[in-house]
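Below is one structure; the comments refer to it alone.
The values are calculated or read from the model by the stated rules, or taken from the named source; none is laboratory data. As the structure is a computational prediction, the values presented were derived from the model and not from experiment. Every residue, glycine as well, gets a Cβ built from its backbone with ideal geometry; the counts of neighbours run over all protein chains shown.
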């Protein structure tokens, strides 16, 4: 906790922050009023704005756990929307990059080419604008098309704005489209890369000049509701690895440190929403004779869950704050564009596995943390005995990779090394099963959800030989207190809710996939996918 923080100082800064927010919203709504003159839609008018709202790391069970406390945007989406209660990311590595890449492409990672965060959007050739020290980023690895490409083919004047604190959260919903894509590298300013532009638009520069992130310096993250309404205690030391795990969480006094520090608090979502609204107003999204697209991914929930766990008091407070910030977002969007011409879809890129050490002691097998280092050592020893260089095989967390060309002179050697790794990995504490990708693709068994999700992750012909699945609730060893990335429902089960005149409100309990989002929106927009996709339109919810 910063020694210079006091309630009085924090109060002064908070009042300044609120005043700045009011000024910004006044500017946005003034722009909206100018653009909205005579813009009321006729009954049954086609959508003019599609809005994708993705909450990074938002498990579907948040609605069950905290639903009674929701009164804002989450409540409105849930109560007025078409809610698919059994929606899943039907792929195995449930991470941010593959999740975002599937949402508007209608395709699994096996065809988007985005299999994991570590092979997501990093691209040193596409440097960031504005002198940020963060790594460059682009969608160069993304394969195929997305909803916006299909929309642009029919409506050449269609525009898109995609915003997130994370580069992959902003980039991947639009695929390779060179539209208005911005993210927040943590230095106090939103930016983009040279893949998209050579300079920042005036409205982005104006927003950055206001230094809204720096304005949180010295402010405290405190409970938004009464203490008695929180289900979890506030004194669980494993949360935060024993560091800063209790309320209040005070932002550093130094504005430069504060600009980066807020990425692990609810404040980053407030800033991201303000930026997205400013962009929507400046670009006059939804005001033309064609549909436009706004993709917004909020990253605060993921950061909080990683550091403190999805069952922490902070995680619950973040859900309540997300409810409020989405209420502001919807109210503001509906002042920019007539609500009868807006289609909203709400979802997440993945769920979350709780902290393994906090699992009930009667759970069998007991959740743990593990890795495949020992199995790799055994496999490399086998390869060395065959006089094959150790670099021909590798482990990337849960997948075993092999360059089979290196084994061309060692007849049968490749299979021997694979078998050695498979045996050792299967005996590793915390590993539930090890599958050969060749066997998974040969089987095509749809009843085995784990096998099906691995098939959706990697197509035939890759250098992925084996995939390992942990026991439920276990995690791969990392510095993160809690995480995600498994084929289990804890990580795959996310909300999918459509809101707008095109949809029949209510609960739909059938099993659906996030790849069904894009074809459903395509049906509403009257556009056709330009390639074979994996999803299908969810016609049960369409009017």
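The residues in segment 342-387 that are more than 30 Å from residue 59 (Cβ to Cβ) and crowded, with 22+ Cβ neighbours inside 10 Å can be counted, and the count is 3. For segment 281-311, the set of residues classified as in contact with a helix residue (DSSP H, G or I) (Cβ under 8 Å, 6 or more places away or on another chain) and in a helix (DSSP H, G or I) consists of 281, 282, 300, 301, 302, 303, 304, 305, 307, 308, listed by residue number.
Yes or no, residue by residue, for (1) surrounded by 22 or more Cβ atoms within 10 Å (Cβ to Cβ); (2) within 21 Å of residue 62 (Cα to Cα); (3) free of Cβ contacts under 8 Å to residues at least 24 places away in the same chain:
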| site | (1), (2), (3) |
| --- | --- |
| 214 | no, no, no |
| 228 | no, yes, yes |
| 232 | no, yes, no |
| 251 | yes, no, no |
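When residues of segment 398-416 are filtered for being closer than 19 Å to residue 371 by Cβ and in contact with a helix residue (DSSP H, G or I) (Cβ under 8 Å, 6 or more places away or on another chain), how many remain? Selection size over segment 398-416: 2.
From 224, 273, 236, grab the single residue that is in a loop (DSSP other than H, G, I, E, B) and either under 22 Å from residue 72 (Cα atoms) or touching a strand residue (DSSP E or B) at 6+ places or on another chain (Cβ under 6 Å) (or both). Talk me through it step by step, then tell me what you get.
Working: 273 fails: in a loop (DSSP other than H, G, I, E, B); 236 fails: either under 22 Å from residue 72 (Cα atoms) or touching a strand residue (DSSP E or B) at 6+ places or on another chain (Cβ under 6 Å) (or both).
Testing whether each residue is in a loop (DSSP other than H, G, I, E, B) and either under 22 Å from residue 72 (Cα atoms) or touching a strand residue (DSSP E or B) at 6+ places or on another chain (Cβ under 6 Å) (or both) leaves just 224.
The listed residues are 85, 96, and the only one of them that is in contact with a strand residue (DSSP E or B) (Cβ under 9 Å, 6 or more places away or on another chain), within 19 Å of residue 515 (Cα to Cα), surrounded by fewer than 23 Cβ atoms within 10 Å (Cβ to Cβ) and at pLDDT 95 or above turns out to be 85. All of 266, 255 fail the test of being surrounded by fewer than 18 Cβ atoms within 10 Å (Cβ to Cβ) and modelled with pLDDT of 95 or more, apart from 255.
Would you point out which residue out of 118, 157 is surrounded by fewer than 17 Cβ atoms within 10 Å (Cβ to Cβ) and within 16 Å of the chain's Cα centre (by Cα)? Give the derivation first.
Values: 157 fails: within 16 Å of the chain's Cα centre (by Cα).
Only one candidate qualifies: 118.
Do we have residue 395 as surrounded by 15 or more Cβ atoms within 10 Å (Cβ to Cβ), touching a residue at least 12 places away in the same chain (Cβ under 8 Å) and in the same structural domain as residue 516 (by TED's automatic domain parsing) here? No: the conditions fail for residue 395. Considering segment 135-149, the residues that are surrounded by fewer than 24 Cβ atoms within 10 Å (Cβ to Cβ) and in contact with a helix residue (DSSP H, G or I) (Cβ under 8 Å, 6 or more places away or on another chain) include one that is nearest to residue 349 (Cα to Cα), namely 142. The single condition among (1) surrounded by fewer than 17 Cβ atoms within 10 Å (Cβ to Cβ); (2) closer than 30 Å to residue 237 by Cα that residue 488 does not meet is (1).
Residue check: residue 472 meets all listed conditions (1) surrounded by 19 or more Cβ atoms within 10 Å (Cβ to Cβ); (2) within 30 Å of residue 358 (Cα to Cα) but one, namely (1). If the condition is being part of a loop (DSSP other than H, G, I, E, B) and without any contact (Cβ under 8 Å) to a residue 60 or more places away in the chain, then segment 420-463 contributes 427, 428, 444, 445, 446, 447, 448, 460, 461, 462.
Only residues that are part of a loop (DSSP other than H, G, I, E, B) and buried (at least 16 other Cβ atoms within 10 Å of the Cβ) were counted across segment 195-209, and they come to 4.
Do we have residue 288 as more than 30 Å from residue 154 (Cβ to Cβ) and touching a residue at least 60 places away in the same chain (Cβ under 8 Å) here?
When the stated conditions are applied, residue 288 does not pass them.
Condition check for residue 143 on (1) over 22 Å from the mean Cα position of the chain (by Cα); (2) at negative phi: one failure, at (1).
Starting from residues that are within 26 Å of residue 514 (Cβ to Cβ) and in a loop (DSSP other than H, G, I, E, B), keep the ones in segment 464-480 and report whichever is modelled with the lowest pLDDT. Ranking the candidates gives 478 first.
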